[in-house]
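Reviewing the structure listed below.
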Amino acid sequence: ANAGDAALDVWVTPPEYTGLAPIFLRTGQPASQTAQTADPATPPTAIHVPTGSVLLARVSGGSGAPALTANGMASAFEQVDQVSYQITQPVTKSGTISVEQSGRTLGSWPITVVPDTAPIIALPAPPAAGERGALRLEYEARDDYGVVAVTGAVRLSGDVAEPGIDRTPVELQLPLPGVRPKTARSTSFHDLTPHPWAGLPVTLRLSATDGAGQTGTTEDVALVLPEREFRNPIARAIIEERKKLTLRPQAGREE
């Protein structure tokens, strides 16, 4: 067989979490398209591939072992059988991907690796006390390929300086509208009135996570954790005593 008999197939498969289909690189594209419509001096339009994509190339026929140039370096194909060769490689750098065999270029493409940015999350409205003292949280989030989780962390304010108080953050799971939404807006209610911090100053930070595990966060928001309101004076007195015990657990103990 001679080099003219070689058949080349190249696929670039984006990470699964992106939800994007594999990109089939056709021989002669995009250079053949731009040559007809653009100035010859204009470089071919780069093919955009998400970061974390994997390239698979196969060559059937021709003479000799092909070589792949990608990520700024050349790598040899592995021989699959008497007439076929294959290579698999992550695409890590922008540049030119090309396949050569016996000094002949079988295919060449300009590639731009598109970075995956972290999600963006914001609070369009401040946290507030809802019905029966539940904490009302509203958020907006977006991500290139979809948000997979939104969480909240409630921390006791540094202004509460009493020693011995449990400062373990309260973790909240916030609902997502749909599966991996690229844009999400949701309102949820979280009843923290039974928590010892109810009625105390706290800070809240929301986080959004994408399929790559990257996280975007809001700024810390200061608020007083809602507490249930009691009209009964005895109930109010009990709540006050509970608050004192929470803040000063040692002082409440009898020697």
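In order along region 156-163, phi translates into HN-Hα couplings of 5, 4, x, 5, 7, 9, 4, x Hz, rounded to whole numbers, per the Karplus curve 6.51 cos²θ - 1.76 cosθ + 1.60 with θ = phi - 60° and x for Gly and Pro. Across region 100-205 the C-alpha pair distances fall into 5 Å bins from zero in the proportions 2, 9, 17, 16, 13, 10, 8, 5, 4, 3, 3, 3, 3, 2, 2, 0 percent.
Using a cutoff of 8 angstrom between alpha carbon atoms and counting only pairs six or more residues apart, the relative contact order for region 73-189 works out to 20 percent. Across region 99-156, the mean sequence separation of Cα contacts (distance under 8 Å, 6 or more residues apart), normalised by length, yields a relative contact order of 26 percent. Rounded to whole Å, give me the distance from the Cα center of region 62-99 to that of region 126-203. Taking the Cα centre of each part, region 62-99 and region 126-203 sit 50 Å apart. Note on D159 and A76: the extension gain reaches 23.6 nm, defined as 0.36 nm multiplied by sequence separation minus the Cα-Cα distance. Summing +1 for each Lys or Arg and -1 for each Asp or Glu among the other residues whose beta-carbon sits under 9 angstrom from that of K182 gives 0.
Since every read-out is calculated from the coordinates, none of them should be taken as a lab result. Keep in mind that this is a model prediction, so the values were computed, not measured. Neighbour counts run over all protein chains shown; Cβ positions are idealised from the backbone, glycine included.
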